[in-house]
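Undergrad: This is the structure I have questions about; it appears just below.
The values are calculated or read from the model by the stated rules, or taken from the named source; none is laboratory data. Not measured: the values here are computed from a predicted model. FYI the Cβ positions are ideal-geometry reconstructions off the backbone, even for glycines, and counts take in every protein chain you see. Heavy atoms of the whole protein, side chains included, go into the accessibility calculation; ligands, DNA and RNA do not. Shrake-Rupley method; radii C 1.70, N 1.55, O 1.52, S 1.80 Å.
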Amino acid sequence: MKDAELDVTYKGVLRITMKKIIDYKQLLKNNGILIVFFLICLALSFLSPYFFTVNNILNIIRQTSIYGIIAVGMTFVILTGGIDLSVGSILALSGAVAAGLMKNNAVAPLIAALAAILVGAIIGLINGLLVTIGKIAPFVVTLGMVTIARGVTLIYTKGYPISGFSPEFRELGGGYVLGIPVPVIVFVIMVALAWFVLNHTRLGRYTYAIGGNEETVKLSGINLNFYKSMVYVIVGVMSSVSALILTSRLNSAEAVAGQGYELDVIAAVVIGGTSLSGGRGSIIGTLIGALLIGVINNGMNLLGISPYFQQVVKGGLIIGAVILDRLRAESN
Amino acid sequence: MEPLLKMSGITKTFPGVRALSNVSFDLNKGELHALVGENGAGKSTLMKILSGLYKADEGDLFLKGEKIVSTGLREMINLGIGVIYQELNLIPYLSVSENIFLGREPKTSFGTIDWSRMHEMTREALAPFKLDIEPQQKVYSLGAAHQQIIEIAKALSLNAEILVMDEPTAALTGNEVERLFEIIKQLKKAGVSIIYISHRLEEVHTLADRITILRDGERVITKDRGTMSNDEMIKYMVGRVLEEQYPQYDSEPGAIVLEVRGLTKKGICSDVSFAARAGEIFGFVGLVGAGRTEIMQTIYGYRKMDSGEVLLHGNPVKIRNCQDAVMKGIGLIPEERKQQGLILGMSVFDNAALSVLDLYSTAGVLHRRRITDEVNTMIDSMNIKTPSVKQLVINLSGGNQQKVVLAKWFIRHCDVYIFDEPTRGIDVGAKVEIYRLMQNLAKRGAAVIMISSELPEVMNISDRAAVVFEGRIVKEFRKGELNEEQVMEYSLGLHERRRA
């Protein structure tokens, strides 16, 4: 009798434990990245007394916003099933153009900023047209654009940094409004704008639809080439916005600015759950993905982990996020 | 005498469709047994069971009197059954010898590929065909006929005793066909048994020792060569009882909405002219590959026309792309529901709304509420069975998926609706509902064009219909003017031979 009772209890415990594991799995699957994000934040708050301070948090978000803004644009591109590798080069060129115009107060900062954004839009449009009308794979087009835009930047700057801007322009990267860093405000506005566009405009819905099935979109009488080109324009513009913030913060535009940014940007989007084959993902996911990378960078610096090792962790994070995504897709 | 191969009581069901029911088929040594039937009669399914691609729900396979226990793809190849599919399965950028010996390349003692031996073996394999092909040649550089022969050589090099050929002449020209027939005769002499699937009755008469006719997944008859006329064969192919599966309505054809004059596109269609009226259903019938889909895609701007004219309400229009077509009031419901009609990973709502977002938005910003109202009303009225409009379409049944595609186009009021095989792979109940929906469109004053490979569907649903053969309209007829046998003759191109 006693044995049997024990047995029952044991089975009961086992069943309850199993149930908990399943619930936990379900939870992890649906909100995986968010949970990982909170767990890491929690761990870091214990490991480093400085981590959970207002100053540090604002610092993380400010650093995140530079590539986070580009990731907002990249989300559109990846949602269509495309990719843009040239964002770092676009950033360098539009930053240099703005800086060149503003040097010695030749042009008002606002005009220079608009010119930079125009540069980003034009390069994005060229990318988009080559992908749609030229029918060349996005990977190839933007790989070529990486060196073209970088080369043009070097020609324009002759390899020298351009610096010396008006105090008002310096506010963009370094200023505060109501105690919040201006880059953070810009980032939040861009995320909100992108959320609205993705959910409440034709452009947004077609972005998802193109990634889901291009053929259907075309046969439904939608101007596929236009909308597909537009996503590259968006990421181009976002790269320029980011360029303005970076240039302002560093008080200098350099031809090597933004090198390798595409990796962090794509990582943020992918970690945020947007599928590289397109059609599935969200801007909120990208926001969390970008913040996660920021938190991990920051945390590892606080803990004094070597930058070499940081690279390994970041790479592992990207692969882990994709595995998580695959698990979620398979369970559906 | 024991037949070489025997398939007995084969039954196969797919979700919603009974593809084969209790079909028996046998093949003797050195014989060519032709398998004939309409599109969807079950020929390909039967052969896919023989190749090991599908597993039969019921029934057995016997080879030389012995029951085949395990019917996997590899097992069937090892048993000497080689299948040459209609769409060739060669890898274009590999060489002829790599294609023939794919997966069983001869190795050197170092484990690398023994190229000289492989090329030698390739020459041996190709020798009987007396071709001017080098083993090193890349497959893409060869014509369709040579590719076909390489497939045959590949099958024979696997010691195939039984060859299945699915429409082998579909992509061949006259001379190439002659050449293939020569080879087939040689193969038979060498003791190879062949199952030959074809729509072309003339070929079947020339080649076959026996002929089996399938219809709606059942075997109708098996007869020896020369004991059946074309007329008889056609009767067996189409002869079915007319059931009450076609809702009737009184059409009131009005003015011409869409007129096409002399539409020509090289390699696809030539001099296609027809006119579709408001309030009628205009059918397009013909064999698979006759060019019906391509003709409609050309009108719709999906393909560019070489010459010809399209008129809407009597005015010539230029349709450069699909967007133009939709803006001018033409909607096309494509044949490939999953590849072209739907976005499987999106919701019922998103799919249904896709074609009208431009109508219900201001400066790109959507009027969510109005779209939601429209879509919900449409989904209710079409009786789409889905737990909610947020359900992903991938989770719906075929019939309900098709209704989502229709909903997408019904929400946008078009003047011309082109349906390409609207009831393919859908159960009978859903078919009736789709016919009613099409009739409602006609009543609403639209011109409805329906491409269909199901003869009875065209005969009963359309008010007028055109028969397409090799990219041309060879006959136009009113409902009741022709019977199924006559339509089949036109689809097969027999009327021309008869005249000549």
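Undergrad: Lysines within cross-link reach of B:LYS266: Cα-Cα under 20 Å, excluding same-chain residues under 8 positions apart?
TA: Straight-line reach from B:LYS266, under 20 Å: B:LYS304, B:LYS318.
Undergrad: So what is the accessible area of the protein assembly as shown per residue, in Å², with the probe set to 1.4 Å? Present the calculation step by step, with values, prior to reporting the outcome.
TA: Working: 38180 Å² over 832 residues.
Solvent-accessible surface per residue comes out at 46 Å².
Undergrad: Let me ask something else. What's the carbon and sulfur percent of region B:1-142's accessible surface, probe 1.4 angstrom, rounded to a whole number? Don't skip to the answer; put the middle values down first.
TA: Values: 3810 of 7350 Å².
Within region B:1-142, the accessible surface is 52 percent carbon and sulfur.
Undergrad: How many square angstrom of accessible surface are buried between B and A, both sides summed, with a 1.4 Å probe and rounding to 100? Don't jump to the answer; show the numbers that get you there.
TA: On the way: alone 23090 and 17050 Å², together 38180 Å².
Buried area (both sides, nearest 100 Å²): 2000 Å².
Undergrad: Anyone know which of A:ALA99, A:ALA108, A:ALA71 comes out most mobile in the 10 Å Cα GNM of chain A?
TA: A:ALA108
Undergrad: No solvent, one uniform scatterer per C-alpha: report log10 I(q)/I(0) for the protein assembly as shown via the Debye equation at q = 0.05, 0.08, 0.11 1/Å, two decimals.
TA: For the protein assembly as shown, the Cα-only Debye profile gives -0.39, -0.92, -1.28.
Undergrad: Within chain A, how many lysine pairs that are 8 or more places apart, or on different chains, have C-alpha atoms less than 29 Å apart?
TA: Lysine pairs meeting the criterion: 15.
Undergrad: Same structure again: Shape call for region B:433-475 from the C-alpha gyration tensor, a ≥ b ≥ c root eigenvalues: rounded (a/c under 1.5), prolate (a/b greater than b/c) or oblate? Don't skip to the answer; put the middle values down first.
TA: Working: a/c = 2.79, a/b = 1.81, b/c = 1.54.
Judged from the Cα gyration tensor, region B:433-475 comes out prolate (a/c at least 1.5, a/b above b/c).
Undergrad: Computed on alpha carbon atoms, what radius of gyration and Dmax characterise region B:395-490, expressed in Å?
TA: Calculated on Cα positions, Rg and Dmax stand at 14.1, 43 Å.
Undergrad: Using a ≥ b ≥ c from the Cα gyration tensor of region B:283-402 (square roots of the eigenvalues), is it rounded, prolate or oblate, where a/c under 1.5 gives rounded and otherwise the larger of a/b and b/c decides, a/b for prolate? It would help to have the intermediate numbers written out before the result.
TA: On the way: a/c = 2.49, a/b = 1.43, b/c = 1.74.
Taking the square roots of the gyration eigenvalues as a ≥ b ≥ c, region B:283-402 is oblate.
Undergrad: Note down the nm distance, to one decimal, between modelled labels 7 Å out along Cα→Cβ at B:ASP306 and at A:VAL256.
TA: Between B:ASP306 and A:VAL256, the simple spin-label model gives 6.0 nm.
Undergrad: Measure off 7 Å from each Cα along the Cα-to-Cβ vector at B:LYS443 and B:SER388, then give the distance between these two points in nanometres to one decimal.
TA: With each label point 7 Å from Cα toward Cβ, the separation is 3.4 nm.
Undergrad: Keeping all protein chains in the complex and leaving out DNA, RNA and ligands, what accessible area do you get for B:GLU232 with a 1.4 Å probe, in Å² to the nearest 10?
TA: 70
Undergrad: Along the charge dipole of region B:347-411, pointing to its positive end and built from +1/-1 on Cβ of Lys, Arg, Asp and Glu, which listed residue (B:ILE411, B:LEU396, B:THR377) has its Cα farthest out?
TA: Of B:ILE411, B:LEU396, B:THR377, it is B:LEU396.
Undergrad: A follow-up question, please. Among A:SER252, A:TYR160, A:VAL87, whose Cα lies farthest out toward the positive end of the dipole of chain A, if unit charges sit on the beta carbon of Lys, Arg (+1) and Asp, Glu (-1)?
TA: A:VAL87
Undergrad: Work out the length of the dipole vector of region B:200-309 about its Cα centre, built from +1 on the beta-carbon of each Lys and Arg and -1 on the beta-carbon of each Asp and Glu, and round it to the nearest 20 debye.
TA: Numbers: 15 positive and 18 negative charges, 97 e Å.
I would put it at about 460 debye.
Undergrad: Moving on to the next point. Of the listed pairs B:LYS12/B:LYS48; B:LYS29/B:LYS130; B:LYS6/B:LYS223; B:LYS6/B:LYS29; B:LYS12/B:LYS55, which have alpha-carbon separations greater than 18 Å here?
TA: Listed pairs above 18 Å: B:LYS29/B:LYS130.
Undergrad: In terms of Cα to Cα distance under 24 Å, which lysines are near enough to B:LYS107, apart from those fewer than 8 places away along the same chain?
TA: Cα-Cα hits under 24 Å: B:LYS138, B:LYS154.
Undergrad: Follow-up. Please label the shape of region B:347-411 as rounded, prolate or oblate, based on the square roots a ≥ b ≥ c of the eigenvalues of the alpha-carbon gyration tensor (a/c under 1.5 means rounded; beyond that, a/b larger than b/c means prolate, else oblate).
TA: Working: a/c = 2.04, a/b = 1.98, b/c = 1.03.
Judged from the Cα gyration tensor, region B:347-411 comes out prolate (a/c at least 1.5, a/b above b/c).
Undergrad: Still on this model: Please work out the Kirkwood hydrodynamic radius for region A:122-248, using every pair of different C-alpha atoms, and report it in angstroms with one decimal place. It would help to have the intermediate numbers written out before the result.
TA: On the way: mean 1/r = 0.0589 Å⁻¹.
Evaluated on region A:122-248, it is 17.0 Å.
Undergrad: So which residues of region B:362-389 lose at least 30 Å² of accessible area, probe 1.4 Å, when you go from the chain by itself to every protein chain present?
TA: B:GLY364, B:VAL365, B:LEU366, B:ARG368
Undergrad: Springs between alpha-carbon pairs under 10 angstrom, Gaussian network model over chain A: which of A:GLY285, A:GLY294, A:GLY134 fluctuates most?
TA: Per the Cα network of chain A with a 10 Å cutoff, A:GLY134 tops the list.
Undergrad: Name the residues of region A:177-213 whose accessible area, probed at 1.4 Å, falls by at least 30 Å² once all protein chains are in place instead of their chain on its own?
TA: When all protein chains are present, A:HIS200, A:ARG202, A:ARG205, A:TYR206, A:ALA209, A:ASN213 each give up 30 Å² or more of accessible surface.
Undergrad: I've got another one for you. Carbon-plus-sulfur fraction of the accessible area of region A:34-331, 1.4 Å probe, in percent?
TA: Numbers: 8990 of 12710 Å².
C and S fraction of accessible area: 71 percent.
Undergrad: Another question about this same structure. Rounded to the nearest 20 Debye, what is the dipole magnitude of chain A about its Cα centre when Lys and Arg each give +1 and Asp and Glu each give -1 at the C-beta?
TA: Values: 22 positive and 14 negative charges, 54 e Å.
Taking the Cα centre of chain A as origin, the dipole is about 260 debye.
Undergrad: Moving to a separate point now. Could you check the spin-label model distance between B:ILE256 and B:SER70? Points 7 Å from the Cα along Cα→Cβ, value in nm.
TA: Once both label points are built, they end up 6.5 nm from each other.
Undergrad: Among A:SER89, A:SER277, what's the order by accessible area (1.4 angstrom probe), most exposed first?
TA: Working: A:SER89 5, A:SER277 90 Å².
Ranked from most to least accessible, the order is A:SER277, A:SER89.
Undergrad: In region A:34-331, if every C-alpha pair distance is counted and binned at 10 Å from zero, what percent goes to each bin?
TA: 7, 28, 34, 24, 7, 1
Undergrad: Same structure, new question: Can you give the calculated 222 nm mean residue ellipticity of chain A, where each DSSP H run of n ≥ 4 adds -39,500 (n - 2.57) and the sum is split over every residue, rounded to the nearest 500 deg cm²/dmol?
TA: On the way: 13 runs with 259 residues, N = 332.
So the helix-based figure for chain A works out to -27000 deg cm²/dmol.
Undergrad: May I ask you to give the percent of accessible area on region B:347-411 that is carbon plus sulfur, with a probe radius of 1.4 Å?
TA: Working: 1430 of 2750 Å².
In region B:347-411, the share of accessible area belonging to carbon and sulfur is 52 percent.
Undergrad: Compare A:LEU58, A:LEU172, A:LEU303 in a GNM of chain A, Cα atoms joined below 10 Å, and give the one with the largest fluctuation.
TA: A:LEU303
Undergrad: Convert 10 °C to kelvin, take the viscosity as 1.306 mPa s, use the Kirkwood radius over C-alpha pairs of region B:198-342 as Rh, and evaluate the Stokes-Einstein diffusion coefficient in µm²/s, rounded to a whole number.
TA: On the way: Rh = 18.6 Å.
Answer from the Stokes-Einstein relation: 85 µm²/s.
Undergrad: Consider a paramagnetic label point 7 Å from the Cα of B:ASN78 along Cα→Cβ; state which residues of region B:27-64 have an amide N under 20 Å from it.
TA: B:49-56, B:61-64
Undergrad: Based only on Cα atoms, what Rg/Rh ratio does chain B have, Rh being taken as Kirkwood's radius? Before the final figure, lay out the partial values.
TA: Numbers: Rg = 25.2 Å, Rh = 25.1 Å.
That ratio is 1.00, to two decimals.
Undergrad: Extent of region B:449-500 along each principal axis, from alpha carbon coordinates, in Å, largest to smallest?
TA: 33, 21, 16
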